[in-house]
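The values are calculated or read from the model by the stated rules, or taken from the named source; none is laboratory data. Since the model is a prediction, treat every value here as computed from it, not as a measurement. We place every Cβ from the backbone using ideal geometry, glycine too, and count neighbours over all the protein chains shown. Quick note on the areas: whole protein, heavy atoms, side chains included, nothing else; ligands and nucleic acids left out. Shrake-Rupley method; radii C 1.70, N 1.55, O 1.52, S 1.80 Å.
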Amino acid sequence: MIRTRAPAVAGRFYPSNPRELRTLVRQLLAAVPGCDAAPPKALIAPHAGYVYSGPVAASAYARLTRAPNRIRRVVLLGPSHQVGFRGLAAPGTHRYATPLGEIPVDQGALDCVLSLPQVAERERAHAGEHALEVQLPFLQELLGPFQLMPFVVGDASAAEVAEVLDVLWGGPETLIVVSSDLSHYHDYQTARRLDTATSRAIEALAPEKIQYEQACGRAPINGLLTAARQGGLKVETVDQRNSGDIAGPCDRVVGYGAYAFH
């Protein structure tokens, strides 16, 4: 029996109507200056409601405009906001759904990492989690058919996350996406200072310089940075803003960053 993870935040973080959602995603992507660079190996993109982080997320995903039918597998990692656990949670379902349709989970690839001690099926960790879900409409709009390998990351070290990425790394057919916002609920200037330091650490592939308060997705980011350093990747900061820049107000803002790994 095929089991599907239904959308949990459609109608709240993004439109639940398929036509409205597709129109919004296309508008967000169209607002990004064109880029002729080859598709990246990995991206970091934010995961707030589209009214807040959508423009920054779109700046990351616009790097995939030359990727249709080239990328066939997406490894997607994001932090757990609702369930506490140790390690990385695989979904336990066969498909992930959004208003734009269903995406098959790559069961064969997941079986390869379920043998690792830090990985286990935890369907409850996926059920209400928004961090992965909000990335999917962008991927559905830009890519052809693809399979998904989604992981919610709990208490996991950078080495544990990097080990999973190493197993699933693949070639140009595989894209890695980490879902993370940056600093939370500081005043505008403090957020800018913290987020700029985080961007410099990401560019330097220096996970040891990113502390807990700098990114809610610190664990998957640091795992990606560790794997990227081992793989000789270079990082580009595509965009860095906060909610004060996009939707206001500026007294308690959330930081957003978009990063491409080549």
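Taken over the chain, the convex hull of the Cα atoms encloses 112 Å³ per residue. Output the relative contact order of region 136-219, whole-number percent, from Cα pairs under 8 angstrom with separation of 6+ residues. About 35 percent, as a whole number. A viscosity of 1.567 mPa s and a temperature of 4 °C, combined with the Kirkwood radius over C-alpha pairs in the Stokes-Einstein formula, give region 92-132 a diffusion coefficient of 112 µm²/s. Of all DSSP beta bridges confined to the chain, the antiparallel ones make up roughly 45%.
So between GLN189 and VAL51, what do we pick up on full extension, going 0.36 nm a residue minus the alpha carbon distance?
So the extension gain works out to 47.6 nm.
What residues from region 245-262 fall in the zone where the backbone N is under 19 Å from a label point 7 Å along the Cα-to-C-beta line of ARG66? Zone members listed by number: 259-262. For the chain, with a Gaussian network of springs between Cα atoms less than 10 Å apart, report the residue from LEU29, LEU205, LEU116 with the top mean-square fluctuation. Taking springs between Cα atoms under 10 Å, the residue moving most is LEU116.
Computed from backbone phi with θ = phi - 60° and the Karplus coefficients 6.51, -1.76 and 1.60, the 3J(HN,Hα) list for region 127-144 is 3, x, 7, 8, 4, 7, 4, 5, 7, 5, x, 5, 5, 5, 6, 9, 9, x Hz; x is used for glycine and proline. For the pair SER16 and HIS81, a Förster radius of 22 Å applied to the C-beta separation gives a FRET efficiency near 0.65, rounded to the nearest 0.05. The equivalent ellipsoid of region 18-73 has semi-axes of 19, 13, 12 Å, largest first, where each one is the square root of 5 times an eigenvalue of the Cα gyration tensor.
Measuring nothing but protein heavy atoms, the accessible surface of region 12-119 at 1.4 Å probe radius is 50 percent carbon and sulfur. The Cα atoms of region 1-136 define a convex hull whose projected area, averaged across directions, is 8.9 nm². Put the Cα centre of region 37-92 next to the Cα centre of region 202-262 and the gap is 12 Å. Accessible area per residue for the chain is 41 Å², calculated with a 1.4 Å probe on protein heavy atoms, without ligands, DNA or RNA. Expressed as a whole percent, the accessible area of region 191-262 that falls on carbon and sulfur atoms is 49 (1.4 Å probe). Backbone geometry of region 103-115 corresponds, through the Karplus equation with coefficients 6.51, -1.76 and 1.60 at θ = phi - 60°, to 3J(HN,Hα) couplings of 10, x, 7, 7, 5, x, 5, 4, 4, 5, 9, 5, 6 Hz, x marking Gly and Pro. Taking amide H as placed 1.01 Å from N in the peptide plane, the amide H of SER183 sits under 5 Å from that of GLY255, each at least 5 places away or on another chain.
GNM on the chain, alpha-carbon springs under 10 angstrom: the most fluctuating residue among PHE146, PHE138, PHE85 is PHE85.
Taking the inverse of the mean 1/r over every pair of distinct Cα atoms in region 50-197 gives a Kirkwood hydrodynamic radius of 16.2 Å. In order along region 184-197, the phi-based Karplus estimate (6.51 cos²θ - 1.76 cosθ + 1.60, θ = phi - 60°) of 3J(HN,Hα) comes to 10, 6, 9, 5, 4, 5, 5, 4, 4, 5, 5, 5, 5, 5 Hz; Gly and Pro are listed as x. Of all DSSP beta bridges confined to region 1-146, the antiparallel ones make up roughly 40%. What translational D, rounded to a whole number of µm²/s, comes out for region 112-262 from Stokes-Einstein when the hydrodynamic radius is the Kirkwood one over Cα pairs, at 20 °C and 1.002 mPa s? Estimated via Stokes-Einstein, D reaches 131 µm²/s.
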